[in-house]
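Below is one structure, written out as structure tokens; the observations come after it.
The values are calculated or read from the model by the stated rules, or taken from the named source; none is laboratory data. Note that the structure is a prediction, hence the values are computed from the model and not measured. So basically every Cβ, Gly included, is an ideal-geometry build from the backbone, and we count neighbours across all protein chains shown.
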Amino acid sequence: PPTGLEGLDSVTLTRFVLHGQRKHHDASGDLTLLLAAVQLACKVTETCVRRAGIAKLYGLAGSGNVQGEDQKKLDIIANDTFKVNIESSERCGVMVSEEDELAIVCTKSSIDGTTGKYAIAFDPLDGSSNIDANVSIGTIFSIFKIDDPDSITDAKSAAAAISQPGRQMVAAGYAMYGSATNLVISVGTGVYGFTLDPSLGEFVLTHPDIKIPSRGKIYSVNEGNAKNWDKATTEYIQSLKYPEEGKSSYSLRYIGSMVADVHRTLFYGGVFIYPADKKSPNGKLRLLYEAAPMAFLMEQAGGKATTGKTEILDIVPEDIHQRVPVYMGSSEDIADFEALASKYA
Ligand code: AHM
Ligand code: MG
């Protein structure tokens with residue numbers, strides 16, 4: 001019977017993760033602690049993003065990162081925030097960040113001297129080109145289990161430990177600092193979306209078991225690069241704009257922040273594409289902390305993610321900052337693209 005208290009019982013992210021841990025009798029709680037650290041880093045980053053204009057955090061920091069890109073002040077603050085919080089959890093052995101050239105070996109546990117058994121890759125602030133215009137940006141992360149934590153002694157062994165195909169991921173997610181702040185996460189049992197309640201400072205479950213529509217009406221790609229595309233991409237986009245008689249054409253939406261473009265694609269369906277082209281033979285997006293975690297979420301939500309040649313989650317990383325072409329979204333839409341890609345293979 002109704003209690004009158006309906007809607008007042010919020011499932012917070014902390015409660016959700018602890019509940020998941022209790023279902024696994026052999027769980028040690030390490031992943032829970034690591035996810036708590038990631039959650040806190042997202043909250044700290046969101047506070048900086050919200051205050052950026054007032055605290056004069058817009059603009060360049062005057063340095064460049066490993067990709068040769070200019071770093072924004074917020075890129076550096078977010079990176080430091082994630083590294084410090086993840087290290088402090090003492091549950092992580094390896095960190096890879098978009099902003100750091102080498103894989104980072106985390107300090108051992110202050111309690112028992114052991115190395116954390118998880119490895120995390122993250123893009124602390126994705127969509128940097130949108131920062132100064134107050135357009136949605138985000139954080140993306142993927143978490144793997146390390147087979148042999150004792151083998152990690154230097155950047156090389158740390159990189160080897162995290163160089164696993166996406167299918168072996170234990171968790172992936174992103175935070176989106178948009179008109180509201182969302183944290184969307186999967187631990188391999190579906191995709192769950194949380195919204196930060198600023199008055200509580202808690203992420204509250206707002207979107208349980210997200211499923212992407214099997215077909216959409218939106219395509220999302222930087223069409224300014226069209227002159228450099230391959231035949232399959234060109235023909236595919238053409239087919240969406242000029243469909244056969246009786247079918248409607250797709251709408252174009254492109255924010256230029258992967259987090260925001262993928263978030264919309266998860267909810268509305270359609271495709272998000274960052275292809276390889278004549279100028280960038282492997283595309284722009286990085287496998288470990290952009291393409292693979294988003295592919296994991298897409299598949300968990302019932303969608304698909306491919307390079308046009310292989311499923312993104314099957315790729316074994318050869319380099320921690322490796323780039324891959326990305327085509328992801330609704331299963332029927334991606335199947336249409338795959339049919340074209342195999343025609344031109
Ligand atoms: P960043 O990690 O330097 O922010 O770059 C990644 C971003 C993605 O969020 C987005 O999908 C893409 O770059 C947009 O690139 P472009 O401006 O070439 O369309
Ligand atoms: Mg990025």
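Residue under question is V105, and the condition is that it be surrounded by fewer than 21 Cβ atoms within 10 Å (Cβ to Cβ), over 25 Å from D197 (Cα atoms) and either modelled with pLDDT of 85 or more or away from ligand 1 (no atom under 15 Å from the Cβ) (or both); does it hold? Let's see the steps before the verdict.
Working: surrounded by fewer than 21 Cβ atoms within 10 Å (Cβ to Cβ): yes; over 25 Å from D197 (Cα atoms): yes; either modelled with pLDDT of 85 or more or away from ligand 1 (no atom under 15 Å from the Cβ) (or both): yes.
For V105, the condition - surrounded by fewer than 21 Cβ atoms within 10 Å (Cβ to Cβ), over 25 Å from D197 (Cα atoms) and either modelled with pLDDT of 85 or more or away from ligand 1 (no atom under 15 Å from the Cβ) (or both) - is met.
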In the set D230, D147, the lone residue that is of a type in the set (D, E), modelled with pLDDT of 95 or more and either surrounded by fewer than 22 Cβ atoms within 10 Å (Cβ to Cβ) or touching a Phe, Trp or Tyr at 6+ places or on another chain (Cβ under 9 Å) (or both) is D230
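Does M95 meet the test of being farther than 30 Å from R51 by Cβ and either more than 16 Å from ligand 1 (Cβ to nearest atom) or in contact with a Lys or Arg (Cβ under 9 Å, 6 or more places away or on another chain) (or both)? Outline the logic, then answer.
On the way: farther than 30 Å from R51 by Cβ: no; either more than 16 Å from ligand 1 (Cβ to nearest atom) or in contact with a Lys or Arg (Cβ under 9 Å, 6 or more places away or on another chain) (or both): yes.
So M95 fails the test.
For the range 52-75, name all the residues that are more than 12 Å from ligand 1 (Cβ to nearest atom) and either at pLDDT 90 or above or assigned to a loop (DSSP other than H, G, I, E, B) (or both). Talk me through it step by step, then tell me what you get.
So the first thing to find is which residues in the range 52-75 are more than 12 Å from ligand 1 (Cβ to nearest atom), and the list is 52-63, 73.
Residues satisfying the conditions are A52, G53, I54, A55, K56, L57, Y58, G59.
Among the strands (runs of 3 or more DSSP E) confined wholly to the range 214-327, which include 1 or more residues that are within 25 Å of Q168 (Cα to Cα)?
Details: elements: 218-220, 271-274, 304-306.
The qualifying strands (runs of 3 or more DSSP E) are 271-274, 304-306.
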Pairing a residue in the range 115-128 that is within 19 Å of L31 (Cα to Cα) and more than 10 Å from ligand 2 (Cβ to nearest atom) with any residue that is assigned to a strand (DSSP E or B) and aromatic (F, W, Y), where Cβ atoms lie under 9 Å and the two sit 6 or more apart in sequence or on different chains, gives Y118/F144; A119/F144; I120/F141; I120/F144; A121/F141; A121/F144
Within the range 274-318, residues being touching a helix residue (DSSP H, G or I) at 6+ places or on another chain (Cβ under 9 Å) and hydroxyl-bearing (S, T, Y) number 4
From the option list F141, F194, single residue qualifying as on the phi < 0 side of the Ramachandran plot and out of contact with any Pro (no Cβ under 9 Å at 6 or more places or on another chain) is F194
Is it the case, given these coordinates, that S28 is of a type in the set (S, T, N, Q), at pLDDT below 95 and surrounded by 15 or more Cβ atoms within 10 Å (Cβ to Cβ)? no
Output for Cβ contacts, cut-off 7 Å, separation at least six or different chains, first residue in contact (Cβ under 8 Å) with a residue 60 or more places away in the chain in the range 82-93, second assigned to a helix (DSSP H, G or I) and surrounded by fewer than 20 Cβ atoms within 10 Å (Cβ to Cβ), reads R91/D30; R91/L33; G93/P149
In the range 234-264, residues that are β-branched (V, I, T) and either in contact (Cβ under 8 Å) with a residue 60 or more places away in the chain or out of contact with any helix residue (DSSP H, G or I) (no Cβ under 8 Å at 6 or more places or on another chain) (or both) total 3
**Request:** Kindly check whether there is at least one residue in the range 312-323 that is buried (at least 24 other Cβ atoms within 10 Å of the Cβ), under 24 Å from L102 (Cβ atoms) and within 13 Å of ligand 1 (Cβ to nearest atom).
**Result:** no
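Given the residues S199, S249, S239, S257, which is the only one that is of a type in the set (S, T, Y) and within 16 Å of ligand 1 (Cβ to nearest atom)? Step through it out loud before you land on a result.
Values: S199 fails: within 16 Å of ligand 1 (Cβ to nearest atom); S249 fails: within 16 Å of ligand 1 (Cβ to nearest atom); S239 fails: within 16 Å of ligand 1 (Cβ to nearest atom).
Step by step, each of S199, S249, S239, S257 is checked, and only S257 is of a type in the set (S, T, Y) and within 16 Å of ligand 1 (Cβ to nearest atom).
Going by the structure shown, is D147 of a type outside the set (F, W, Y) and away from ligand 2 (no atom under 13 Å from the Cβ)? Walk me through it before giving the result.
Values: of a type outside the set (F, W, Y): yes; away from ligand 2 (no atom under 13 Å from the Cβ): yes.
Yes.
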Picked from the range 240-283 (must be hydroxyl-bearing (S, T, Y) and closer than 20 Å to P213 by Cα), the residue farthest from ligand 2 (Cβ to nearest atom) is S248
| query | Is there a residue in the range 187-210 that is of a type in the set (D, E, K, R) and in contact with a helix residue (DSSP H, G or I) (Cβ under 8 Å, 6 or more places away or on another chain)? | reply | yes
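From the residues in the range 114-136 that are among the charged types (D, E, K, R) and within 13 Å of ligand 1 (Cβ to nearest atom), which one is surrounded by the fewest Cβ atoms within 10 Å (Cβ to Cβ)? Don't jump to the end; show me each part of the working.
Of the residues in the range 114-136, the ones among the charged types (D, E, K, R) are 117, 123, 126, 132.
Within this subset, residues satisfying the condition of being within 13 Å of ligand 1 (Cβ to nearest atom) are 123, 126, 132.
Values: D123: 29, D126: 27, D132: 15.
Among those that are among the charged types (D, E, K, R) and within 13 Å of ligand 1 (Cβ to nearest atom), it is D132.
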By residue number, the members of the range 137-148 that are aromatic (F, W, Y) and either away from ligand 1 (no atom under 16 Å from the Cβ) or part of a loop (DSSP other than H, G, I, E, B) (or both) are F144
Log entry, pairs with first residue in the range 30-53 being without any contact (Cβ under 8 Å) to a residue 60 or more places away in the chain, second being surrounded by 17 or more Cβ atoms within 10 Å (Cβ to Cβ) and of a type in the set (A, V, I, L, M), beta carbons closer than 8 Å, six or more apart or on different chains, reads T32/V17; A36/V17; A37/I86; C48/L57; C48/L74; C48/I77; C48/A78; R51/L57
